[in-house]
């Protein structure tokens with residue numbers, strides 16, 4: 001009752017210099033003597049509970065439980081391991097083919113990061129990216145991804161084996177770095193590739209934050225020759241009036257819509273609407289998460305441009321990806 005009362009008091013608007021502001025709180029609670037018997041431990045445990053409240057949506061309270069300490073230790077251990085991974089270059093990129101639906105040929109690759117952990121083996125990004133974001137490590141990891149993708153694009157280009165764009169995911173924090181554009185320019189210059197060999201995938205939440213600044217950055221990147229796409233389209237809250245201002249080349253349909261499109265009329269209509277919207281804006285459309293021939297057929301009927309995921313191939317290390325493309329035969333065209 002006390003926690004609820006405090007939260008309700010804090011949420012009351014306050015006026016500051018003529019502006020009405022609202023503040024919310026995340027509260028952690030530890031109890032004496034069940035949770036700890038001295039002040040330092042009480043505060044530490046309450047702090048762990050507070051972060052749990054933040055993680056469950058904020059503007060809430062959480063009581064301390066013993067498993068929070070275990071979780072905190074695991075987070076600390078993972079953070080330290082990630083810092084070592086950056087120093088020791090334990091990350092590797094795998095590449096998933098992006099396929100032209102009409103011709104069946106491979107027209108691009110998405111670079112997907114993996115952590116080659118010395119003890120755990122190959123760790124998927126779902127296990128560590130959120131921790132990297134929370135602990136301020138996502139920028140150096142993101143910079144490494146761009147650098148490695150540019151290096152690989154140069155290897156393929158110079159050898160004559162492949163000349164396709166490599167798509168890389170860009171985090172919100174990375175995109176807002178003051179030297180982001182400069183870093184990209186330096187990477188392509190260093191490896192001797194043209195910017196159109198890199199495609200930058202940005203989520204809706206990135207492009208819709210501080211729209212004027214975003215437009216300015218995107219125009220710089222587009223003028224330099226980088227390809228730009230909006231990832232997971234349809235899951236955010238894009239304003240169409242702003243969307244037409246962005247110099248975007250491609251929209252990627254979120255896989256959640258595609259999973260349901262073959263048996264849910266509503267989801268199918270969303271896919272149709274997104275493809276229609278993209279065409280009206282003269283944008284290409286790629287669908288991720290294509291798992292079945294039925295899903296591919298839906299996309300073909302709607303004249304979607306490209307597709308990727310396990311129907312064609314999982315993500316592969318560079319050598320295996322080259323072999324895949326070298327031996328590639330157009331799939332599922334009839």
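Miscellaneous remarks
- Search result, residues across region 1-32 that are surrounded by 12 or more Cβ atoms within 10 Å (Cβ to Cβ) and under 17 Å from residue 60 (Cβ atoms): 3, 6, 7, 10, 11, 25, 26, 27, 28, 29, 30
- Helices (runs of 4 or more DSSP H) lying entirely in region 162-255 (those with 1 or more residues that are outside the structural domain of residue 283 (by TED's automatic domain parsing)): none
- Among (1) at pLDDT 95 or above; (2) in contact with a helix residue (DSSP H, G or I) (Cβ under 9 Å, 6 or more places away or on another chain); (3) in a helix (DSSP H, G or I) - the single one residue 148 does not satisfy: (2)
- For residue 116: the one exception among (1) surrounded by 15 or more Cβ atoms within 10 Å (Cβ to Cβ); (2) in contact with a strand residue (DSSP E or B) (Cβ under 7 Å, 6 or more places away or on another chain): (1)
- Failed item, numbered, when residue 117 is tested on (1) closer than 26 Å to residue 318 by Cβ; (2) more than 26 Å from the chain's Cα centre (by Cα): (2)
- Single condition residue 110 does not satisfy, out of (1) at pLDDT 95 or above; (2) part of a helix (DSSP H, G or I): (2)
- Here residue 40 fits the description: out of contact with any strand residue (DSSP E or B) (no Cβ under 9 Å at 6 or more places or on another chain) and over 22 Å from residue 137 (Cβ atoms).
- Any hit, region 268-277, residues being touching a strand residue (DSSP E or B) at 6+ places or on another chain (Cβ under 7 Å) and either touching a residue at least 60 places away in the same chain (Cβ under 8 Å) or not in a helix (DSSP H, G or I) (or both): no
The values are calculated or read from the model by the stated rules, or taken from the named source; none is laboratory data. A quick note: this is a predicted structure, and the numbers were derived from the prediction, not measured. Positions of Cβ are generated from backbone atoms using ideal geometry, with glycine treated the same way; all protein chains shown enter the neighbour counts.
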